[in-house]
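Remarks on the structure that follows.
The values are calculated or read from the model by the stated rules, or taken from the named source; none is laboratory data. Here the structure is a predicted model, which is why all the values come from computation and not from measurement. So basically every Cβ, Gly included, is an ideal-geometry build from the backbone, and we count neighbours across all protein chains shown. Heavy atoms of the whole protein, side chains included, go into the accessibility calculation; ligands, DNA and RNA do not. Shrake-Rupley method; radii C 1.70, N 1.55, O 1.52, S 1.80 Å.
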Amino acid sequence: MREELNIFLGSEEFFVFIFSCIMLFVFLLRWYRPLIKAWPKEKNKTAKVILGWLPVFFAVSMYVFLSFFASFDVVDSYLYKIFYVVLGYSWIFTGLLLMSVCFGIIWNDDVLHLGNKAALPVIIGAFISLSAIYAGANTGDGPGWWCVLFAGAFGLVSWAVLGIILHLFTDIFERITIERNVGCGIRFGIYLVLCGAILGYACSGDWTSFSKTAEEFLIGWPVLPLTFVMILIELYYKNFGSRKGMV
């Protein structure tokens, strides 16, 4: 263990770890401070409990996942499992920031400050789907942390682009943030989880090369018909659901 630690301290992973720790601190501060400061305490109590446990769920589930499915040099190393868990928080934080920019849905503003119940399942779905993509990118043997981020980047970009395409046809973001359509939020949250599972699987596998990773990512093509079906469902609810009292 001491020899492994000395090697780690002299490697590029150490500097990545330091940067990830800074990102982790910023993420936890921005995640938990609104939960603590939200007033009154009784307001959005269920949302506070769920949001409070999401980062804990990520740490535990990711550590267990890395113990069985990560690269051979990570599976038996406590040090590197901690490294990839901390790096994963940077991944989640980046994904949530991307969601706030591309989707216009912000975890603290929409759920806590505005009390938007439609946004809560979206945040939960986004958190789980981002975790699934990161977990998939960690699956299989690889030469280093950079191949995890490279493979996962395909999933993350696709995740954001598909969400934007869905919105262009259905105005789903406005229906969640402005109309506060809870049913719409639940459906979108479920879609994000399914989307994350498919994209995570597409990011998985042993590392061979940059071009091969891009080629292997195409196995995630089922996310396209999933998005098409979701568009049809949301168009139906948008155009006909309100007339029948449906959400």
Per-region count, the range 115-136, residues over 13 Å from Gly155 (Cβ atoms) and open to solvent by 10 Å² or more (accessible area, probe 1.4 Å): 6
Those residues of the range 64-85 which are open to solvent by less than 50 Å² (accessible area, probe 1.4 Å), farther than 15 Å from Gly142 by Cβ and modelled with pLDDT of 90 or more, in sequence order: Ser67, Val85
Qualifying residue in the range 206-219 (condition: among the small types (Gly, Ala, Ser), within 25 Å of Lys117 (Cα to Cα) and assigned to a helix (DSSP H, G or I)): no
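Looking for whichever is open to solvent by less than 10 Å² (accessible area, probe 1.4 Å), in contact (Cβ under 8 Å) with a residue 60 or more places away in the chain and among the small types (Gly, Ala, Ser) here; the options are Gly88, Gly142, Gly152. Which one fits? If you could, list the steps in order and put the result at the bottom.
Values: Gly88 fails: in contact (Cβ under 8 Å) with a residue 60 or more places away in the chain; Gly142 fails: open to solvent by less than 10 Å² (accessible area, probe 1.4 Å).
Matching residue, one of Gly88, Gly142, Gly152: Gly152.
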